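J.: Below: one structure in structure tokens.
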């Protein structure tokens with residue numbers, strides 16, 4: 001069974017479009033995260049939710065909006081996509097914020 | 001600010017060679033330190049960790065020692081296998097209420113038979 005899953009795995013879209021990436025974890029964790037990995041492989045946290053409440057919100061354009069319908073899901077919606085949004089986006093989860101994080105396989109977003 | 005610097009890859013080794021991947025950090029206070037591994041097509045997995053100075057983390061033959069005096073956490077393995085081919089990320093945990101993970105840029109390891 002996949003612990004942290006993301007859909008889609010690959011996403012190719014045009015500038016200006018709106019897209020969503022979904023994340024689900026079946027580990028029973030209460031904290032979920034979104035990370036962005038840029039072309040230079042730097043991995044940086046974007047958001048974190050604990051019990052559906054936003055606890056980390058890094059300096060991310062407000063075109064990015066996370067949504068947590070329940071503790072097992074944290075989706076990432078991106079409006080008005082730009083070329084610079086091309087990256088690999090990783091979802092992760094943990095039981096409480098200071099415990100080991102389990103990562104999904106990533107979603108490669110390409111904006112043309 | 002807090003940051004992690006890793007040696008650039010790729011690192012290419014023959015099977016059974018000795019591996020060192022360098023990692024140094026800049027941080028206020030005493031962060032926890034981690035190595036994560038990403039196998040092809042998969043997400044990151046925690047490989048090992050150390051939470052205080054002089055701690056040694058170890059797992060699957062890999063080791064890293066938390067060196068406060070040199071602010072380093074170098075990853076080592078005595079004899080690598082082809083199955084160790086992956087990308088390795090060094091990270092620190094920011095010791096404030098957010099417990100954020102700060103990652104290095106990753107080092108790709110390629111082990112040839």
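Bear in mind that the values in this text are calculations on the coordinates, not laboratory data. In this text, all values refer to a predicted model and were calculated from it rather than measured experimentally. As a convention, Cβ positions derive from the backbone with ideal geometry for all residues, glycine included, and neighbour counts pool all protein chains shown.
J.: For the subset of region A:97-112 comprising residues that are facing chain B (nearest Cβ under 7 Å) and over 15 Å from residue B:43 (Cα atoms), which member is surrounded by the fewest Cβ atoms within 10 Å (Cβ to Cβ)?
T.: A:98
J.: Testing residue B:46 on (1) within 14 Å of chain A (Cβ to nearest Cβ); (2) outside any strand (DSSP E or B); (3) surrounded by 14 or more Cβ atoms within 10 Å (Cβ to Cβ), one condition comes back false. Which one is that?
T.: (2)
J.: Please enumerate the residues belonging to region B:49-86 that are part of a strand (DSSP E or B), over 19 Å from residue B:113 (Cα atoms) and within 14 Å of chain A (Cβ to nearest Cβ).
T.: Hits for region B:49-86 are B:49, B:50, B:57, B:59.
J.: Evaluate the following for residue B:22: is it surrounded by fewer than 20 Cβ atoms within 10 Å (Cβ to Cβ), touching a strand residue (DSSP E or B) at 6+ places or on another chain (Cβ under 9 Å) and within 14 Å of chain A (Cβ to nearest Cβ)?
T.: No: the conditions fail for residue B:22.
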